[in-house]
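Visitor: Before I ask anything, here is the structure I am working with.
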Amino acid sequence: MATATKKAPAPVLGRSPKAAAPPTSFLDRPLRGIDAVYRFLASLKLAVFSLSSLAASLAFATWFESSYGTTAAQDYVYKSTWFAVLLAFLAMNILCAALIRFPWKKRQTGFVITHAGLLVLILGSYRSMRTADEGTVGMLEGETRSEMVRRNDPVIRVRELDPHTQEPGRSYELHFKPGPFPWGDGQAHLHNLFDLTLSTLSGGRMPMPSRAGETLSQPGDPFTLVVKQHIPASAPTVLHEAGPGGDPMARIHLQFKAPGMPQAREALASEDEQWFKLDRRFYRVARSVDPALLAFSYADRPELVEDFLKPPVNAGPRGLARFRYQEKSGQIGVYDLPLEGQEGKSVKLPDSDLTVKVEKLADFPTSEGGLFRVLGEAAIPIGMFQVRKGNDPEVEHFAMAGLPMVPNVMPNLRDPAAKPAAPLVSIHLMVPPVLDPKTNGRFGQIEVLAGPDRSLYYRVFGRGKDGKTELRASGPVAPGMTINAFGGGANMPMTISFRVDDYLAAGVEKQIFEPVFLPRNQMEEAIPASLIEMTVGDITREIWIQRSESPDGSSYKPVPFGDRLFEIAYDVDRRPLGFDFKLDKFEVGFEPGTEQATKFVSNVRLIDPAEGIKDRPYTISMNDPMTHRGFTFYQMRYSALQDPYTGQRTGQFQSVFQVGVDPGRPVKYAGCIILVLGIFTQFYMRAGVFTDGGKKERERAVRQNAAEAAPVKDLGPVIEDERL
């Protein structure tokens, strides 16, 4: 019986029979996701993106540092979180790119070493970012220091004084990070690089979040301290505002315009010079502004305002004494006495039983007690009078020219406890000003008077054709009104004018700080200031504090709160060095005839008992630092000392060292060495010095591909029937 046969299809070369797919595990998808992430971290695309981002960030940091200083670049770039994340991505990419090629072949030796060097370098940079520190040390000859001042880490120090001994008690250290940009009072605080970029692109017009109102005190502290405003580079100034119990003050502009000048110029350049605050002793303040004297005074009685507007100018060089007294009828009498030739003579006041004797006329020098800065005159005419009522004892009276508010009866200096006698008369000594360009350089005098009704008045004295002083003009003046005092005509082409911009009948002065703009190379020497609000009990005060200009000093400011007294200082953090070093000698070399320094040399001695070092000498110069225990001391600069009273230089110099410690520096050096070694190895292995450049691997791969592509000669027995 014939049996039908069926031939099985011949197998195809390189293709195996289809097998059943293995069952899918629940871990397959997560594993495939992890594998995809791993391959992405090892991809060339991520490497290009990471390196491009790093290059762009470093370029931006370089520009940013040149524009805003090293501190700003450290805060917003090198020590920021986003920069650390960027370095982490780059390190992960380098690590995965190396691991995905494992096991490594011999020809990949340079590749592996290079990637290892990059990882070590990034690790060292991260360690430096987290652990590196720097500060300054300032020393005079003979001084010893054992700590460095960390000027980029501000601290507000608060301490309470004992009310009886005035000794400081417990001290509180409040650390805060104000940042390198001003904030508070409408200014923006830039929290990160994104804010900064938006602000830069918008030209500073885009509003940013502010840190004004940051509370630094802790719940257990006996006070509440809030930082309301911060200025990284500050300069002191004075704010004038109305306040109870204040003194009269006015802001006066004095302008001059010479022939050919397009517009008038300010004779008092700064705002502080334009403000005239009255001294309670005299109620007059004056400043000599060549070629005129500008004065501001106050009078609390209408009759003194009348005397101001209508002064006698023809009474002679000694002037005139105007006596106001009570007549027998009870009325107020006025008697004018020209003083020329009256010294030693007596006169009886009309309709009274008062007799006045002119005892002495003299010029009171203002050089003592700093009165010249207040009165603006080298000497003030003064008159001494003996006034007798009937047969009563004589009472000594005084009068000072231009100062009608000064009491006419002075206290007894020999017996301060004695009660002064009551004045019998009121004396107003009126002496015309001396205008002599040859002696005092003055061609005129401008005076502004504040009256009791808050009105302002002015008068102008000038020189006449005969050289004598004459009253040019007088009358009321309103704030904002410009008065042409001198010139403007054919004989006097130069014009001098003045204007009262502001007047405070009761004003107070507050010291505040305002931003200053420094050159880029001086931004690291800026002096910051902060406005803080401090509350003790139910009393709240606003205080401006500024960091001390000294590299290693702090200046405390007393602030009373009722019966409690606190001291506050804008200070910086300090870090102990663990050893002492003493400055023996400091030398500064200058260019001949200039103040430009050419060299700084400090001779110091190191004292470290822990390492058995005692008085080891070192020389620190501009290019020769000192290193000990990881701290490196660089000769940074010098500071010339000034006398606090005269403002003159004392001839002493303070040596200022820049101190840095960086535990990550050896790791970075090691990474650089490994990186260079890897590049060297990779280059020369590719060049065929240590290998054939992969020639044998390529030949082996060609032979293997040829073998797989060759036809199969024997396919084995043919299956006749699939059932067999």
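The values are calculated or read from the model by the stated rules, or taken from the named source; none is laboratory data. Predicted, not measured: the structure shown is a model, and the values here were computed from it. Note that each Cβ is placed from the backbone with ideal geometry, even for glycine, and that neighbours are counted across all protein chains shown.
Visitor: What do you reckon, is T598 at pLDDT below 90, surrounded by fewer than 11 Cβ atoms within 10 Å (Cβ to Cβ) and of a type in the set (S, T, N, Q)? Full working, then the answer.
Guide: Numbers: at pLDDT below 90: yes; surrounded by fewer than 11 Cβ atoms within 10 Å (Cβ to Cβ): no; of a type in the set (S, T, N, Q): yes.
Judged against the criteria, T598 is not a match.
Visitor: Let me ask something else about it. Would you be able to say whether some residue in segment 270-283 is hydroxyl-bearing (S, T, Y), farther than 24 Å from Q546 by Cα, assigned by TED's automatic domain parsing to the domain that holds I446 and assigned to a loop (DSSP other than H, G, I, E, B)?
Guide: The answer is yes, given that some residue of segment 270-283 is hydroxyl-bearing (S, T, Y), farther than 24 Å from Q546 by Cα, assigned by TED's automatic domain parsing to the domain that holds I446 and assigned to a loop (DSSP other than H, G, I, E, B).
Visitor: Follow-up question, since we're still on this one. Name the residues in segment 226-270 that are in contact (Cβ under 8 Å) with a residue 60 or more places away in the chain, charged (D, E, K, R) and over 26 Å from I532 (Cβ atoms), would you?
Guide: Within segment 226-270, D247, R251, K257 meet the criteria.
Visitor: Between F398, F372, F323, F364, which is modelled with pLDDT of 95 or more and under 30 Å from K277 (Cα atoms)? Reasoning before the result, please.
Guide: Values: F398 fails: modelled with pLDDT of 95 or more; F372 fails: modelled with pLDDT of 95 or more; F364 fails: modelled with pLDDT of 95 or more.
Criteria check complete, one pass: F323.
Visitor: Please verify whether D573 is touching a His at 6+ places or on another chain (Cβ under 8 Å) and either free of Cβ contacts under 8 Å to residues at least 40 places away in the same chain or among the charged types (D, E, K, R) (or both), treating the condition exactly as stated. Break it down into steps so the answer makes sense when it comes.
Guide: Numbers: touching a His at 6+ places or on another chain (Cβ under 8 Å): yes; either free of Cβ contacts under 8 Å to residues at least 40 places away in the same chain or among the charged types (D, E, K, R) (or both): yes.
Here the answer is yes, as D573 does meet what is asked.
Visitor: Got a number for residues in segment 373-387 being surrounded by 17 or more Cβ atoms within 10 Å (Cβ to Cβ) and outside any loop (DSSP other than H, G, I, E, B)?
Guide: If we filter segment 373-387 for residues that are surrounded by 17 or more Cβ atoms within 10 Å (Cβ to Cβ), which is where we start, we get 374-377, 380-383, 385, 387.
Now restrict to residues that are outside any loop (DSSP other than H, G, I, E, B): 374-375, 380-383, 385, 387.
Total satisfying the criteria: 8.
Visitor: List every residue pair whose Cβ atoms sit under 7 Å apart, with the two residues 6 or more apart in sequence or on different chains, where the first one lies in segment 692-712 and is farther than 13 Å from K105 by Cα and the second, anywhere, is of a type in the set (A, V, I, L, M, F, W, C) and modelled with pLDDT under 75.
Guide: Final answer for the pair search is V712/L13.
Visitor: How about segment 220-239: which of its residues are over 20 Å from the mean Cα position of the chain (by Cα) and either farther than 25 Å from R564 by Cα or at pLDDT 90 or above (or both)? Don't jump to the end; show me each part of the working.
Guide: Here is the first cut: in segment 220-239, the ones over 20 Å from the mean Cα position of the chain (by Cα) are 220-225.
Once the filter is applied, which keeps residues that are over 20 Å from the mean Cα position of the chain (by Cα) and either farther than 25 Å from R564 by Cα or at pLDDT 90 or above (or both), segment 220-239 yields D221, P222, F223, T224, L225.
Visitor: Also: Only one of D453, D466, D392 is out of contact with any Cys (no Cβ under 9 Å at 6 or more places or on another chain), surrounded by fewer than 13 Cβ atoms within 10 Å (Cβ to Cβ) and under 30 Å from D501 (Cβ atoms); which?
Guide: The unique qualifying residue is D453.
Visitor: Are any residues in segment 504-523 part of a strand (DSSP E or B) and under 22 Å from K228 (Cβ atoms), and if so, which ones?
Guide: Filtering segment 504-523 down to residues part of a strand (DSSP E or B) leaves 504-515.
Across segment 504-523, the qualifying residues are V508, E509, K510, Q511, I512, F513, E514, P515.
Visitor: Cβ-Cβ distance below 7 Å, separation of 6 or more or different chains: which pairs start in segment 376-393 with a residue that is on the phi > 0 side of the Ramachandran plot and at pLDDT below 95 and end on one that is of a type outside the set (K, R) and buried (at least 17 other Cβ atoms within 10 Å of the Cβ)?
Guide: G376/A286; G376/S288; G376/L293; G376/A295
Visitor: May I ask you to list the residues in segment 313-351 that are touching a Lys or Arg at 6+ places or on another chain (Cβ under 8 Å), under 30 Å from F296 (Cα atoms) and not hydrophobic (A, V, I, L, M, F, W, C)?
Guide: G333, Y335, D336, P338, E340
Visitor: Follow-up. May I ask you to verify whether P609 is exposed (fewer than 15 other Cβ atoms within 10 Å of the Cβ), without any contact (Cβ under 8 Å) to a residue 60 or more places away in the chain and more than 30 Å from T144 (Cα to Cα)? Full working, then the answer.
Guide: Working: exposed (fewer than 15 other Cβ atoms within 10 Å of the Cβ): yes; without any contact (Cβ under 8 Å) to a residue 60 or more places away in the chain: yes; more than 30 Å from T144 (Cα to Cα): no.
Spelling it out, it is not the case that P609 is exposed (fewer than 15 other Cβ atoms within 10 Å of the Cβ), without any contact (Cβ under 8 Å) to a residue 60 or more places away in the chain and more than 30 Å from T144 (Cα to Cα).
Visitor: Which ones in segment 592-603 are assigned to a strand (DSSP E or B) and either among the basic types (K, R) or without any contact (Cβ under 8 Å) to a residue 40 or more places away in the chain (or both)?
Guide: First pass over segment 592-603, keeping only residues assigned to a strand (DSSP E or B): 597-603.
Selection gives T598, K599, V601, N603.
Visitor: Which pairs do you get when a residue that is part of a loop (DSSP other than H, G, I, E, B), found in segment 630-644, comes within reach of a residue that is of a type outside the set (D, E) and crowded, with 18+ Cβ neighbours inside 10 Å, reach meaning Cβ atoms under 6 angstrom, with the pair 6+ apart or on two chains?
Guide: Qualifying pairs under 6 Å: G630/V661.
Visitor: Then there is this: Can you pull out every residue in segment 447-480 that is of a type in the set (G, A, S) and not in a strand (DSSP E or B)?
Guide: Initially, segment 447-480 is screened for residues of a type in the set (G, A, S), giving 450-451, 455, 462, 464, 467, 473-475, 478, 480.
Those that are of a type in the set (G, A, S) and not in a strand (DSSP E or B): G451, S455, G464, G467, A478, G480.
Visitor: Could you list, in sequence order, all residues of segment 403-431 that are more than 16 Å from E359 (Cα to Cα) and modelled with pLDDT under 90?
Guide: Across segment 403-431, the qualifying residues are P411, N412, L413, R414, D415, P416, A417, A418, K419, P420, A421, A422.
Visitor: Then there's this: Can you run down the residue pairs with Cβ atoms below 7 Å, 6 or more apart or on separate chains, where the first is in segment 474-485 and loosely packed, with under 12 Cβ neighbours inside 10 Å and the partner is hydroxyl-bearing (S, T, Y) and part of a strand (DSSP E or B)?
Guide: G475/Y457; G475/Y458
Visitor: Of all residues in segment 551-572, count the ones that are surrounded by fewer than 16 Cβ atoms within 10 Å (Cβ to Cβ), at pLDDT 90 or above and either of a type in the set (D, E) or assigned to a loop (DSSP other than H, G, I, E, B) (or both).
Guide: Residues that pass the stated criteria total 0.
Visitor: Also: Of all residues in segment 254-269, which are surrounded by fewer than 17 Cβ atoms within 10 Å (Cβ to Cβ) and either in contact with an Asp or Glu (Cβ under 9 Å, 6 or more places away or on another chain) or outside any loop (DSSP other than H, G, I, E, B) (or both)?
Guide: Selection gives R265, E266.
Visitor: When the residues of segment 136-187 are narrowed to those that are part of a loop (DSSP other than H, G, I, E, B) and charged (D, E, K, R), which ends up farthest from the chain's Cα centre (by Cα)?
Guide: In this case the residue turns out to be D162.
Visitor: Which of the following residues is basic (K, R), out of contact with any helix residue (DSSP H, G or I) (no Cβ under 6 Å at 6 or more places or on another chain) and within 30 Å of D247 (Cα to Cα): R301, R318? Give the steps one after another, and end with the answer.
Guide: Working: R318 fails: within 30 Å of D247 (Cα to Cα).
Result of the check over R301, R318: R301.
Visitor: So, one more: Check off (1) outside any strand (DSSP E or B); (2) crowded, with 21+ Cβ neighbours inside 10 Å for G441 and give me the number that stays unchecked.
Guide: (2)
Visitor: Test of understanding: among G316, G341, which residue is without any contact (Cβ under 8 Å) to a residue 60 or more places away in the chain, within 22 Å of R472 (Cβ to Cβ), surrounded by fewer than 19 Cβ atoms within 10 Å (Cβ to Cβ) and touching a Gly at 6+ places or on another chain (Cβ under 9 Å)?
Guide: One residue alone meets the criteria, G316.
Visitor: Here's a follow-up. Pick out the one residue from S53, S66, S57 that is closer than 30 Å to M523 by Cβ, modelled with pLDDT under 85 and assigned by TED's automatic domain parsing to the domain that holds A91.
Guide: Working: S53 fails: modelled with pLDDT under 85; S57 fails: modelled with pLDDT under 85.
Testing whether each residue is closer than 30 Å to M523 by Cβ, modelled with pLDDT under 85 and assigned by TED's automatic domain parsing to the domain that holds A91 leaves just S66.
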